[in-house]
1. Based on this model, can you work out whether S157 counts as under 23 Å from G15 (Cα atoms), crowded, with 17+ Cβ neighbours inside 10 Å and touching a residue at least 24 places away in the same chain (Cβ under 8 Å)?
2. Exactly one of (1) within 27 Å of K40 (Cβ to Cβ); (2) at pLDDT 85 or above is unmet by T180. Its number?
3. Taking the residues in the stretch 79-94 that are part of a helix (DSSP H, G or I) and in contact (Cβ under 8 Å) with a residue 60 or more places away in the chain as candidates, determine which candidate is surrounded by the most Cβ atoms within 10 Å (Cβ to Cβ).
4. If I ask for residues that are modelled with pLDDT under 75 and of a type in the set (S, T, Y), which ones from the stretch 84-107 would you list?
5. Hey, among the residues in the stretch 118-148 that are over 15 Å from the mean Cα position of the chain (by Cα) and farther than 18 Å from G15 by Cα, which one's modelled with the highest pLDDT?
6. Tell me, which residue of the stretch 46-65 that is at pLDDT 75 or above and open to solvent by less than 30 Å² (accessible area, probe 1.4 Å) is farthest from L104 (Cα to Cα)?
7. Can you tell me which condition I149 does not meet? The list is (1) open to solvent by less than 40 Å² (accessible area, probe 1.4 Å); (2) in contact with a Pro (Cβ under 8 Å, 6 or more places away or on another chain), and all the others hold.
Amino acid sequence: MKNQDSPHINFSFTGLTSIFLGSHLLIAAFIIKSIIDGAKLRGEGLNYNYSSLTETYVIIIVIIAFLLFPSSILFTENRKAKKLGYQCLNPITKRVLIRYSLTLITLFVILFFVGQQELYNYLVPCFLLIYGVIIFVFERKEYKNVLIISGVCALLSVICLIIPSYWYYSLFILGVAHLTYGISKQQ
């Protein structure tokens, strides 16, 4: 069975992939929170005199996190496919990877435009809602348990709309949810 195409798509949010995604979320949220807290200590408010340098740092961290998402998925799925003796990048997986990357780019563009309108309180709720939809669209047939994370995203999005300062804790909860789901599904 070596070098054959896998009969299924080697592309999921379970196991080691979920652990990587959770750790990326936790690290990115912590760094962004530290940058914003540092800006507040310097007297730069988040909603009013938001400094260009602070905004640039946050955008760089978000871009790095968005680039790490598909690369960590591809890395872990390639490792899993080699272990099973399949070719990871078969035509179906390439289509799914392109579709997933396009949805991440769309998510990033939406978040960028929300940020350009200086609607900073809506950035994390938009991210959580769209991320939950991405998980729902990609994982609804294969792994029904991961849909809980999609529901958690929707719930945290509503909470962030009601309590805008809860954004860090929402990303923290999402990261921990990914970590625990990945550890529970680790094979």
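1. no
2. The failed condition is (1).
3. Here is the first cut: in the stretch 79-94, the residues part of a helix (DSSP H, G or I) are 79-84, 91-94.
With in contact (Cβ under 8 Å) with a residue 60 or more places away in the chain added as a condition, the list becomes 79-81, 84, 91-93.
On the way: R79: 14, K80: 20, A81: 19, L84: 11, P91: 8, I92: 15, T93: 22.
Of everything passing the filter in the stretch 79-94, T93 is surrounded by the most Cβ atoms within 10 Å (Cβ to Cβ).
4. Listed by number, the residues that qualify are Y86, T93.
5. Y122
6. T54
7. (2)
Yes/no per residue for (1) open to solvent by 50 Å² or more (accessible area, probe 1.4 Å); (2) at pLDDT below 80; (3) within 20 Å of T56 (Cα to Cα); (4) out of contact with any helix residue (DSSP H, G or I) (no Cβ under 9 Å at 6 or more places or on another chain):
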residue: V109; (1), (2), (3), (4): yes, no, yes, yes
residue: F112; (1), (2), (3), (4): yes, no, yes, no
residue: Q116; (1), (2), (3), (4): yes, yes, yes, yes
residue: Y166; (1), (2), (3), (4): yes, no, no, no
residue: L174; (1), (2), (3), (4): no, no, no, no
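The values are calculated or read from the model by the stated rules, or taken from the named source; none is laboratory data. Just so it is clear, the structure is predicted and the values come from calculations on it, not from any experiment. All Cβ positions, even for glycine, are placed from backbone atoms using ideal geometry, and neighbour counts span all protein chains on display. Ligands, DNA and RNA are stripped out before the accessible areas are found, and what is left, the full protein with its side chains, is counted by its heavy atoms. Shrake-Rupley method; radii C 1.70, N 1.55, O 1.52, S 1.80 Å.
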